[in-house]
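The values are calculated or read from the model by the stated rules, or taken from the named source; none is laboratory data. Note that this is a predicted model, so its numbers are computed, not measured. A quick note on method: Cβ atoms are made from the backbone with ideal geometry, for glycine too, and the neighbour counts reach across all protein chains shown. Ligands, DNA and RNA are excluded from the accessible area calculation, which covers all protein heavy atoms including side chains. Shrake-Rupley method; radii C 1.70, N 1.55, O 1.52, S 1.80 Å.
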Amino acid sequence: SFGQTAGRLELVGGNMSTTRPLPVTGGQLTGTGVISGLGAVTVSGSAQTRPGTSPGQITIGGTYTQTGTLVVELNGPAPGTQYDQVVAQGAVALGGTLNVALGAVPAVAAQPVNSGASAPPNSAAIPP
């Protein structure tokens with residue numbers, strides 16, 4: 001099976017398919033695209049998840065575990081075009097470090113993470 005310990009696994013609008021676990025223990029999982037299939041994606045250790053290309057979305061078909069660093073941009077209220085997203089179709093477990101780059105100052109007080117009826121399965125949206 002594939003495992004990443006350094007470098008970049010960059011999604012450039014395409015689709016990567018896996019039925020096996022995809023451990024990322026170093027380097028970056030970055031870009032915009034889809035990791036389809038039922039393989040579990042785990043980002044741990046010194047690894048970073050950096051969705052988008054200012055900003056964008058990474059979609060994961062299986063489960064997603066984040067214990068490394070998640071780096072996101074918040075530039076407005078529109079998902080995928082004004083703020084980064086990681087969307088997983090399976091279970092999600094979050095831990096580690098969250099780094100947020102604010103490109104726009106919200107007009108109102110920040111809202112809590114919202115995974116309401118309009119959100120895709122197991123995703124979270126952070127509105128301005």
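If I ask for residues that are over 19 Å from G13 (Cβ atoms) and either in contact with a helix residue (DSSP H, G or I) (Cβ under 8 Å, 6 or more places away or on another chain) or in a strand (DSSP E or B) (or both), which ones from segment 46-94 would you list?
Q48, Y64, T65, Q66, T69, L70, V71, L74, V92, A93, L94 - these are the residues of segment 46-94 that are over 19 Å from G13 (Cβ atoms) and either in contact with a helix residue (DSSP H, G or I) (Cβ under 8 Å, 6 or more places away or on another chain) or in a strand (DSSP E or B) (or both).
Please go through segment 2-56 and give me each residue that is β-branched (V, I, T) and in contact with a Leu (Cβ under 9 Å, 6 or more places away or on another chain), ordered by number.
Selection gives T18, T19, V24, T30, T32, V34, I35, V41, T42, V43, T49.
Matching residues to (1) at pLDDT below 95; (2) within 12 Å of the chain's Cα centre (by Cα):
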position	(1), (2)
S46	no, no
G52	yes, yes
Q57	yes, yes
T65	no, yes
E73	yes, yes
Y83	yes, yes
G103	yes, no
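Of (1) farther than 22 Å from P77 by Cα; (2) polar (S, T, N, Q); (3) open to solvent by less than 30 Å² (accessible area, probe 1.4 Å), Q28 satisfies all except one. Which?
Q28 satisfies all of (1) farther than 22 Å from P77 by Cα; (2) polar (S, T, N, Q); (3) open to solvent by less than 30 Å² (accessible area, probe 1.4 Å) except (3).
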